[in-house]
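A.B. asks: Quick one: this structure, given as structure tokens, is what I'll be asking you about.
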Amino acid sequence: MNRRLLSHLFVGLALSASSLLALPVSAADEAPDVLIKRLSTDVLDSIKADKTIQSGDVSQIVVLVDNKIMPNVNFPRMTASAVGPAWRQATPEQKKRLQDEFKILLVRTYAGALTQVSDQVIVVKPLRAAAEDKEVVVRTEVKGRGDPIQLDYKLEKTPGEGAGWKIYNLNVLGVWLVETYRSQFAQEINAKGLNGLITTLVDRNKANASAKKG
């Protein structure tokens, strides 16, 4: 799997959410495909208007992720799925560290992808789901320069009145983000255990940070 394809995964994640301030009170009542369309447009506009993000400023990208992306993603579920069966044996501290390092990995590895946003638009395909469905797949295309990018989202209806939909996986050109990392993480866990995976993620994040400074 090449770096260009992986970078699209993070662009997809960035295009999947919006600012909390931009969320209307009725957001929980939105259909998932309508939600994805609105959030994608909001985030595209935010990136295009922020020259520091376009220049690859990691600190600003972290702010973007924390304020606009994470509130709309079930990141604990995403991390648990990426870690796989070993997640059930993880201590609360290990789970926290895995979530923290996994988020940093996504942010730092794919920070450069956000600088590529220019004239893209999102086309949302008709939703095939029943009204009572609690999990759905929203299929979209990112259109701009070059060939359209297939970008699909898995969302779940979170429990509780007014909770709305949250993203827990995404697919770019036929490749699901969670499954991609699960295969990588499984090798580390089998060889070194959960603490070994955490150490590997910490080391990779430090290397990415050093490469950015360089």
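The values are calculated or read from the model by the stated rules, or taken from the named source; none is laboratory data. If you're wondering where the values come from, they're calculated on a predicted model, not measured in any experiment. Backbone-built Cβ (ideal geometry, glycine too); neighbour counts: all protein chains shown. What goes into the accessible areas is simple: the full protein's heavy atoms, side chains included, and nothing from ligands, DNA or RNA. Shrake-Rupley method; radii C 1.70, N 1.55, O 1.52, S 1.80 Å.
A.B. asks: Before we move on, is Ser183 out of contact with any Leu (no Cβ under 7 Å at 6 or more places or on another chain), modelled with pLDDT of 90 or more and loosely packed, with under 14 Cβ neighbours inside 10 Å? First the steps, then the outcome.
C.D. replies: On the way: out of contact with any Leu (no Cβ under 7 Å at 6 or more places or on another chain): yes; modelled with pLDDT of 90 or more: yes; loosely packed, with under 14 Cβ neighbours inside 10 Å: yes.
Yes.
A.B. asks: Here are Lys192, Lys212: which of them is among the basic types (Lys, Arg), modelled with pLDDT under 90 and outside any strand (DSSP E or B)?
C.D. replies: After applying the criteria, what remains is Lys212.
A.B. asks: Under 9 Å between Cβ atoms, which residue pairs at least 6 apart in sequence (or on different chains) link something in region 29-47 that is within 17 Å of Pro71 (Cβ to Cβ) and of a type in the set (D, E, K, R) with a partner that is open to solvent by 10 Å² or more (accessible area, probe 1.4 Å) and in a helix (DSSP H, G or I)?
C.D. replies: Taking only residues 6 or more apart or on different chains, the pairs are Glu30/Arg38; Arg38/Ala22; Arg38/Ala27; Asp42/Ala22; Asp42/Lys68.
A.B. asks: Confirm whether Leu155 is within 16 Å of Leu105 (Cβ to Cβ) and either open to solvent by less than 30 Å² (accessible area, probe 1.4 Å) or in a helix (DSSP H, G or I) (or both). Before you say what the answer is, go through the steps one by one.
C.D. replies: On the way: within 16 Å of Leu105 (Cβ to Cβ): no; either open to solvent by less than 30 Å² (accessible area, probe 1.4 Å) or in a helix (DSSP H, G or I) (or both): yes.
For Leu155, the condition - within 16 Å of Leu105 (Cβ to Cβ) and either open to solvent by less than 30 Å² (accessible area, probe 1.4 Å) or in a helix (DSSP H, G or I) (or both) - is not met.
A.B. asks: Could I ask something else about it? Would you point out the residue of region 20-58, among those that are more than 25 Å from Gly146 (Cα to Cα) and open to solvent by less than 30 Å² (accessible area, probe 1.4 Å), that is modelled with the highest pLDDT?
C.D. replies: The initial filter retains those residues of region 20-58 that are more than 25 Å from Gly146 (Cα to Cα), namely 20-32, 34-35, 57-58.
The next check asks that each one be open to solvent by less than 30 Å² (accessible area, probe 1.4 Å); those that pass are 27-28, 32, 35, 58.
Working: Ala27: 51, Ala28: 55, Pro32: 90, Leu35: 83, Val58: 73.
By that ranking, first place goes to Pro32.
A.B. asks: Now for a different question. For residues that are part of a strand (DSSP E or B) and free of Cβ contacts under 8 Å to residues at least 60 places away in the same chain, scanning just region 139-149, find the one that is farthest from Leu173 (Cα to Cα).
C.D. replies: Lys143
A.B. asks: Tell me yes or no: at least one residue of region 131-138 is of a type outside the set (A, V, I, L, M, F, W, C), modelled with pLDDT of 90 or more, surrounded by fewer than 18 Cβ atoms within 10 Å (Cβ to Cβ) and assigned to a loop (DSSP other than H, G, I, E, B).
C.D. replies: yes
A.B. asks: Within the set of pairs 6+ apart or on separate chains, which have a first residue in region 200-214 that is within 15 Å of Gly56 (Cβ to Cβ), a second that is at pLDDT below 90 and open to solvent by 40 Å² or more (accessible area, probe 1.4 Å), and C-beta atoms under 6 Å apart?
C.D. replies: Correct list of pairs: Asn208/Arg108.
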